[in-house]
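What follows is a set of notes on a single structure, which appears directly below.
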Amino acid sequence: MRTPKSIFPYKITQVLRWSSVHLHITTTASPSTRFSFSTSSLSERLKRFALTRHSLSAKLKDVCFAMDGSGASPLKEMPLGLDEASAEEYASQSKLLQEFTNVSSIDKAWTLKPNNGKDSHAMFSISQPNLLANKRRKHIISSHILKESNGSTSFIWAPFPIEMTGVSTMVPSPSGSKLLVVRNSENESPTQFEIWSGSQVEKEFQIPHSIHGSVYSDEWFEGISWNSDETLIAYVAEEPAPSKPTFSNFGYKKGSSTDKDCDIWKGQGDWEEEWGETYAGKRQPALFVININSGDVRFVEGIGKSLSVGQVVWAPSTEGLHQYLVFVGWSSNGRKLGIKYCYNRPCALYAVRAPFQESKGNELNLKSKAYEDVCVLNLTQSISSAFFPRFSPDGKFLVFLSAKSSVDSGAHSATDSLHRIDWPTDGKLDPSPKIVDVVPVVMCAEDDCFPGLYCSSFLSKPWLSDGRTMILSSVWRSTQAILSVNVLSGNIVRISPSDSNFSWNVLTLDGDNIIAVSSSPVDVPQIKYAYLVEGSSNVPEWSWADISSPIPRYSEKVRTLLSTLQFSVMKIPVRGVSENLSKGASKPFEAIFVSSKSKKSNVRDPLIVMLHGGPHSVSVSSFSKNMAFLSSIGYSLLIVNYRGSLGFGEEALQSLPGKVGYQDVNDVLTAIDHVIDLGLADPSKITVLGGSHGGFLTTHLIGQAPDKFVAAAARNPVCNLALMVGTTDIPDWCYVETWGCDGKSMFTEAPSAEHLDLLYSKSPISHLSKVKTPTIFLLGAQDLRVPVSNGLQYARALKEKGCEVKLMVFPNDVHGIEKPQSDFESFLNIGVWFKKYCK
């Protein structure tokens, strides 16, 4: 029973004593103010109860009394922002979300060849959210790959996974006989290197912070590479912390001091630029080599302070000559703009001499005498972007990916290209090597044909035994596909099945066989194994086999719910095509539609329109626990890949910059009308959900189409470009997406009044007066990409005009809101919020 609010206008601060007879309460009005009443006549007394002391009243707010057999039970308070009905929904949905959260993810895999050379072993790195610890729990599970005499293959799995507590990263040696395990500390204690061999730790080294900080393991600056004889390991780590000024009661103290000195304190010193989102507090990445026989660690000299290094690999060794390291370098002479998800940062491949080898001098062995005094050589001066370096098995050429179309246009991500450099067999490097285009940028993707390369990673060993064919994963419109690329001929073959809309991702190679993972929005990831067979016309073809595995595990409830769902990929014609659109931008875009199988034709589930960020990103048809959860609580999903998304060719992608808030908004509205016209959605039950640029679209849509949506959810949304441009780690993004390619040259740290005016007019906040959709905002307080002030300003303005708003801020989370607890609570609240308005 709820106590009338008018009787008690002050909040309870303490329940002093509860018994079956009396309840004693202290209120915020005065700690000394107490009142009591008998529970046996509670209802009658509350109607006439009033208490006045020092002209103050007391309020018993939102108190529920659950009577048990003895007449009473403990006082229960409702969670902040929830009423009783929402609390019931909260409890129900949280149980289901927990079921989906428990589904593990397959992150990486390695294969190792035993001495007999016939069968092989595989190790899989899997992860699972640990909600109580608010971390991801990492495991390794291994399998023996058994090659049967009849040509079939089976996996013999270890009975249990092994938890990798405290492990930052691990890398097997080239032969597979050793394993490097790196443990980064969370404080100032040393970084730990372990060399495992067989069943035990062979070597263990503690690297103090005076040598370097944490090893980078972020899959971007990250680079760990064994040399061919497995005695040296090159890697990227934070450079040592710079000295800071020391002060005492007498002022600045010259000379050195120790932490044991109790009469001093450390100043801050000069502030240093960082690489933005997710790199806060990280020091400059630098290159090191460790000798695993002696434990000696050496800083790789000759690399200027202006270069941030990453992705290091050993160059092929040449007998009697010095060996080189090849790495990626990002120049940072000026401001370090945010690099996370931003491929438009210029970078190049560099070569530098490796330490631990005798030499007559520091100079590189160059063909040109003009470069004799150079310590570090830029190998890719003629191209604006070069990363993911990989040497062919025979060492004759170096292959790399380039985001030159992104760097040149200013779009944060665009269509990739693949290139090759012939590596000198005599060890003499060419200062200006010829760069061969292997796979160029695809401008216009023809129907069902290769749309261009869109790769977020490469395997460390991507080669088949012919030494010229790479296996890689790439976005192919609204799916992810596995491709083979001949780096000499440029021939590209899609080798994952094309007769389904599943997404495929290569995990590792087992000789000339492929271990991959396949999934869909309604199918959890499953391990697949591919091998070459002779086709009907004597052309090799790939045959894919299902592998029964214990990962990922999921409950019977999840299995049952997913079995009731289906999905399709829709092609949606562009509406209102203008004459100046390129051919690629005029072609249909796509949307993934997830729905229930069992609904009658006249019954339509509420619809959630889901919008990816970027805007130059993409939603592929792979499994997402959060999307599967929303589908399972009774929603259809419309996952829109509007023009500007990756995977559809460069012309379609470049059609969006300069037209944000217009073209992308119209594409989403076109997609919604498309499913309504097909009878798949009820126009009175449409919600919208997006994050980052998807949040930009979400808040634009509820302003530009205020009668279209019954509820909305925005995660770290871009709401006001004029506010964001001065606070974000990527201010250039605001310019490029607002003005198009011209924005790259217009970008300035001091926008003019005219610039701010246009930025504001392109923003969702300019349509705020029309908004009436109930909206939930989920914000990361540590977000450097779209600072929390952006969402707060917009949400407060909506509240000011009387709109229904729910606001959640996660104090320790960044742009992605990816911490397990934040992610869980975020989507739980989205589910409850949408249920409230879709009845």
Long-range neighbours under 6 Å by Cβ, at least six apart or interchain, first residue over 18 Å from C342 (Cα atoms) and touching a residue at least 12 places away in the same chain (Cβ under 8 Å) within the stretch 377-398, second among the charged types (D, E, K, R) and surrounded by fewer than 16 Cβ atoms within 10 Å (Cβ to Cβ)
F397/D422
Which ones in the stretch 306-328 are aromatic (F, W, Y), at pLDDT 95 or above and more than 15 Å from S392 (Cα to Cα)?
F327
State yes or no: is T670 of a type in the set (S, T, N, Q), crowded, with 23+ Cβ neighbours inside 10 Å and in a helix (DSSP H, G or I)?
no
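Take W226 and decide whether it is hydrophobic (A, V, I, L, M, F, W, C) and either free of Cβ contacts under 8 Å to residues at least 24 places away in the same chain or within 26 Å of R390 (Cα to Cα) (or both).
Numbers: hydrophobic (A, V, I, L, M, F, W, C): yes; either free of Cβ contacts under 8 Å to residues at least 24 places away in the same chain or within 26 Å of R390 (Cα to Cα) (or both): yes.
Taking the combined requirement at face value, the residue satisfies it.
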Taking interchain pairs and intrachain pairs at least six residues apart, which have beta carbon atoms under 6 angstrom, with the first residue in the stretch 566-588 and farther than 26 Å from L637 by Cβ and the second charged (D, E, K, R) and surrounded by 17 or more Cβ atoms within 10 Å (Cβ to Cβ)?
S582/E651; G584/E651
Which residues, counting only those in the stretch 508-543, are crowded, with 17+ Cβ neighbours inside 10 Å and free of Cβ contacts under 8 Å to residues at least 60 places away in the same chain?
I514, A516, S518, Q526, K528, A530, W542
Checking C741, C734, C719 in turn, the sole residue that is buried (at least 20 other Cβ atoms within 10 Å of the Cβ) and touching a Pro at 6+ places or on another chain (Cβ under 8 Å) turns out to be C719
So F250 fits all but one of (1) free of Cβ contacts under 8 Å to residues at least 24 places away in the same chain; (2) out of contact with any strand residue (DSSP E or B) (no Cβ under 6 Å at 6 or more places or on another chain); (3) surrounded by 12 or more Cβ atoms within 10 Å (Cβ to Cβ); what number is the exception?
(3)
Just the residues that are within 30 Å of A591 (Cβ to Cβ) and part of a strand (DSSP E or B), please, taken from the stretch 429-478.
V439, L453, I471, L472, S473, S474, V475, W476
Hey, could you check the stretch 409-427 for residues that are of a type in the set (D, E) and surrounded by fewer than 22 Cβ atoms within 10 Å (Cβ to Cβ) and say which is modelled with the highest pLDDT?
D422
Anything in the stretch 728-769 that is basic (K, R) and farther than 19 Å from G695 by Cα? List them, or say none.
K744
Kindly state which strands (runs of 3 or more DSSP E) lie completely within the stretch 136-207 and contain at least 3 residues that are closer than 14 Å to A122 by Cβ and either at pLDDT 90 or above or in contact with a helix residue (DSSP H, G or I) (Cβ under 7 Å, 6 or more places away or on another chain) (or both).
153-157
With a cut-off of at least 3 residues that are under 22 Å from A712 (Cα atoms) and either modelled with pLDDT of 95 or more or of a type in the set (F, W, Y) (or both), name the helices (runs of 4 or more DSSP H) lying wholly within the stretch 722-839.
788-800, 820-837
Residues of the stretch 191-219 being more than 20 Å from K138 (Cα to Cα) and either surrounded by 15 or more Cβ atoms within 10 Å (Cβ to Cβ) or in the same structural domain as A348 (by TED's automatic domain parsing) (or both), in sequence order, are K203, F205, I207, H209, I211, H212, G213
Within the group I156, I162, I126, I141, which residue is closer than 30 Å to Y531 by Cβ, under 23 Å from the mean Cα position of the chain (by Cα) and aliphatic (A, V, I, L, M)?
I126
So K76 ticks every box in (1) farther than 30 Å from K819 by Cα; (2) at pLDDT below 70; (3) not polar (S, T, N, Q) but one. Which box is left unticked?
(1)
Among S617, S624, S636, S598, the single one that is assigned by TED's automatic domain parsing to the domain that holds R715, modelled with pLDDT under 95 and not hydrophobic (A, V, I, L, M, F, W, C) is S598
So, L768, is that one surrounded by fewer than 24 Cβ atoms within 10 Å (Cβ to Cβ), in contact (Cβ under 8 Å) with a residue 40 or more places away in the chain and in contact with a Ser or Thr (Cβ under 9 Å, 6 or more places away or on another chain) or not?
yes
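The values are calculated or read from the model by the stated rules, or taken from the named source; none is laboratory data. The shown structure was predicted, so the numbers you read here are calculated from the model rather than taken from an experiment. Neighbour counts are summed over all protein chains in view; Cβ atoms, including those assigned to glycine, are modelled from backbone coordinates with ideal geometry.
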